[in-house]
1. Please enumerate the residues belonging to the range B:163-173 that are loosely packed, with under 14 Cβ neighbours inside 10 Å and modelled with pLDDT of 85 or more.
2. Within the range B:282-310, count every residue that is modelled with pLDDT under 95 and under 21 Å from B:Val216 (Cα atoms).
3. Quick one: which residue in B:Ala191, B:Ala222, B:Ala212, B:Ala238 is assigned by TED's automatic domain parsing to the domain that holds B:Ile159 and in contact with a strand residue (DSSP E or B) (Cβ under 9 Å, 6 or more places away or on another chain)?
4. Look through the range A:327-343, keep the residues that are more than 14 Å from every other protein chain (Cβ to nearest Cβ) and open to solvent by 10 Å² or more (accessible area, probe 1.4 Å), and return whichever of them is nearest to A:Ile369 (Cα to Cα).
5. Pairs, please: C-beta under 8 Å, at least 6 apart or cross-chain, first residue among the aliphatic types (A, V, I, L, M) and in the range A:239-265, second assigned to a strand (DSSP E or B)?
6. So which of B:Ile65, B:Ile74, B:Ile85, B:Ile35 ends up being in contact (Cβ under 8 Å) with a residue 12 or more places away in the chain and within 26 Å of B:Gly382 (Cα to Cα)?
7. Let me confirm something: among B:Ala212, B:Ala222, B:Ala191, B:Ala195, which residue is closer than 11 Å to B:Thr386 by Cβ and within 16 Å of the chain's Cα centre (by Cα)?
8. If B:Tyr320 passes every condition in (1) part of a helix (DSSP H, G or I); (2) farther than 27 Å from B:Ser289 by Cα; (3) in the same structural domain as B:Met263 (by TED's automatic domain parsing) but one, which one does it miss?
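The values are calculated or read from the model by the stated rules, or taken from the named source; none is laboratory data. Owing to the predicted nature of the structure, the values given are computational and were not obtained by experimental measurement. Quick reminder, even Gly has a Cβ in these numbers, built from the backbone with ideal geometry, and neighbours come from all protein chains shown. Ligands, DNA and RNA are stripped out before the accessible areas are found, and what is left, the full protein with its side chains, is counted by its heavy atoms. Shrake-Rupley method; radii C 1.70, N 1.55, O 1.52, S 1.80 Å.
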Protein chains: 2
Amino acid sequence: MTGVIGKNNSDLTEMNRSAVVRILQQQEVCSRADIARQTGLTQAAITKIVASMMEMGIVSEVGIITGSDNRRSIGLKLNADKHQIIGVKFARQMFAVGVFDISGKIYFQTETKYPFEEDPQKVLSAMKKQIHEMLNKYENVVSIGLAVPGPYLRDEGRIAVVTQMSAWHTVNFIEEFKEEFNKPVFIEHDANAGALAEWLFGGHTQPLHTLAYFLVGDGVGAGIIERGRLFLGVQGTACETGHISVDVHGPRCECGNYGCLEMYCSAPAILKKVKERVPECLPSENPQSSDACTAVFEAARAGNQKAMDIVRETAEYIGYGCVTLINGYNPDIIIIGDVVSQGGDLLLPIIQEVVRQRVIPELHTKVRIKISDLKVDPTLYGAAATATDKVLQLPSKFSAAGKRG
Amino acid sequence: MTGVIGKNNSDLTEMNRSAVVRILQQQEVCSRADIARQTGLTQAAITKIVASMMEMGIVSEVGIITGSDNRRSIGLKLNADKHQIIGVKFARQMFAVGVFDISGKIYFQTETKYPFEEDPQKVLSAMKKQIHEMLNKYENVVSIGLAVPGPYLRDEGRIAVVTQMSAWHTVNFIEEFKEEFNKPVFIEHDANAGALAEWLFGGHTQPLHTLAYFLVGDGVGAGIIERGRLFLGVQGTACETGHISVDVHGPRCECGNYGCLEMYCSAPAILKKVKERVPECLPSENPQSSDACTAVFEAARAGNQKAMDIVRETAEYIGYGCVTLINGYNPDIIIIGDVVSQGGDLLLPIIQEVVRQRVIPELHTKVRIKISDLKVDPTLYGAAATATDKVLQLPSKFSAAGKRG
């Protein structure tokens, strides 16, 4: 049994502020009565909470609106533009930096490519330089979020295994970033970040209980949010679906396990198959794995049978991954994102057929499987969502930080 | 994004009562100062909370104790015996009923066997009769917990698939039990119940972050508790580790999936192997699967090579299950329980070797794997823990119920 923490009145106030901000983050404009109804709190309580948040500059009034009950009342909105966020995606051969606000609005983004063998310190310097430039340009930034490939060891601040980029194994992200800027930096595993992006910025109008974001790209992994909370595990490395065996007697993976899902349906696995079976599709002699994905989906759409076979095999394994996610986490939605999901129209029917065949009806009829349709790369957006989630959790803390900054 | 709920002052008070009760449930006797330190609340706040709980009869003073700081102060204890719980384990060929209290103390237990093909209504009648008898005999019962095999569909109140007992598929447990007694009944999946038993009654002195209870018996499944909360999924069927494939091209399981872990290391899988390879070990012509387990472990300990092979194969697959649990949930402890775990001394070294070989060092060195050493069957104890957890969550509600009852 773990530590038991009591709550005092200021915790309570902040929890309720957080509830109000989360509602406004999703619904743009709301009346006090609407918020009272959705939180289950009295209108008097909401009036008091809103007053304190207007004073802090977190929310403001926007004139008269007509509520769901047809009554006219004063509308409230989040001062999202006063709470900007820098998101940073770090990947095997590129990093991206973007400026957002806590409503998910995008102000700016840029992408920097580098080769596999690049010195990590050079990459980090370039990344920091870009972040400093953004901080100079956007004065309302309250926090920075960084998404890294996993398994990322949260307390240690480093990545345990990144297939194909072992030089990064020793970089300590917490050390690198904690003193660099005068804003708090939050670091999250890429699949967890993607899950937060879908949760906060996905525009899901139906209430969700358990969301699974299934990242299928250079790596394969999942981020699971149950009742608003990421499932992390003790070191923050839970939901490493890509390293769950689909065949315990299969070939060995770099992680030490055998027959890992990642070996069958990741972008590098597709690259390998394309090189072997349809090399004529490839745009260059030394293509990145994402180029191979684009090429094979294009060839399959044009009717190339060998390309179609690769797509079918890939989709089947993504389907097996979905079956594992359903048996392992019982989500109401699985959202597939990252490089491989660009073949969504080809992949989805096969994935759904695999799930229908292999999961009991009571479960498979309950889960919706879709391809991510976020307007920004889910991992970059997720980096921003990681920092946004912290702001939504402790709104008064970040409002003060915003004023100081 | 899901519904956002605000908290009012009475919620806050009950959350803090819950925190105090959880500390006393684990530590038997504590001073107000100790509780203040552990909850992070002021001593004045604790004094007020404790006063309200003494009035409700939930806690009482037990004289002078010497605290961790060597100061003498008044000890507090939970009135556990005033909060008794009836736990009911329902399994494929038996049910068990026990009387406990919220400290995990056992007052009484009984077990009833029946054949596979028994009419479910007959079994339910016998079960209800025994519960009524216990309610007449033990007047301080505040709640009843029931543990059932899974996947159990929480909202629908029924079991989706129980391998080998399809007649139970249509029984609605909520309907059967909700009006039967004048005490609240809580129903939980057997592996989740076992996880709660370990969490609440396991006597773990180290704080735990993520606990995995790995049930290996007639079925195979897991219950995961992260930061005090069961991971459930939208229908309550998460963590069905037994139906995660270890070979996606393996034989078909009753659940529809292929190569499910459960097919390789459950008690019925052992029974099948023993019948084929060492039938001379079996005590009778038509043995239960648990008899086969007992027999094969005994024969292996006596040096029978064929029995040792079955044990090794079983342990390897339990090991693969542990690898999946580590990659999927990143627990700090995995506790293996139920019928198959009686071969713990034979199984554990092999399981640990498989995990060491297949999991990255950063993760496998962090996780402790052990065999359950609870003094009561983990599923029966878990049934009691399921109801206990509800009492600990809303102590004032059940104190009132206790008085009325």
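1. The answer is B:Asn172, and nothing else.
2. Initial filter on the range B:282-310 (modelled with pLDDT under 95): B:282-291.
Within this subset, residues satisfying the condition of being under 21 Å from B:Val216 (Cα atoms) are B:282, B:287-291.
Count: 6.
3. Numbers: B:Ala222 fails: assigned by TED's automatic domain parsing to the domain that holds B:Ile159; B:Ala212 fails: assigned by TED's automatic domain parsing to the domain that holds B:Ile159; B:Ala238 fails: assigned by TED's automatic domain parsing to the domain that holds B:Ile159.
Unique residue meeting the criteria: B:Ala191.
4. Within the range A:327-343, the first condition is being more than 14 Å from every other protein chain (Cβ to nearest Cβ), and the residues that meet it are A:336-343.
Checking the rest, the ones that are also open to solvent by 10 Å² or more (accessible area, probe 1.4 Å) come to A:338-339, A:341-342.
On the way: A:Asp338: 15, A:Val339: 17, A:Ser341: 12, A:Gln342: 15 Å.
Among those that are more than 14 Å from every other protein chain (Cβ to nearest Cβ) and open to solvent by 10 Å² or more (accessible area, probe 1.4 Å), it is A:Ser341.
5. A:Ile244/A:Cys260; A:Val246/A:Cys260; A:Val246/B:Ser245; A:Val246/B:Asp247; A:Val248/A:Tyr258; A:Val248/B:Asp247; A:Leu261/A:Val220; A:Leu261/A:Ser245
6. Numbers: B:Ile65 fails: within 26 Å of B:Gly382 (Cα to Cα); B:Ile74 fails: within 26 Å of B:Gly382 (Cα to Cα); B:Ile35 fails: within 26 Å of B:Gly382 (Cα to Cα).
Testing whether each residue is in contact (Cβ under 8 Å) with a residue 12 or more places away in the chain and within 26 Å of B:Gly382 (Cα to Cα) leaves just B:Ile85.
7. Numbers: B:Ala212 fails: closer than 11 Å to B:Thr386 by Cβ; B:Ala222 fails: closer than 11 Å to B:Thr386 by Cβ; B:Ala191 fails: closer than 11 Å to B:Thr386 by Cβ.
Checking each option against the conditions leaves just B:Ala195.
8. (2)
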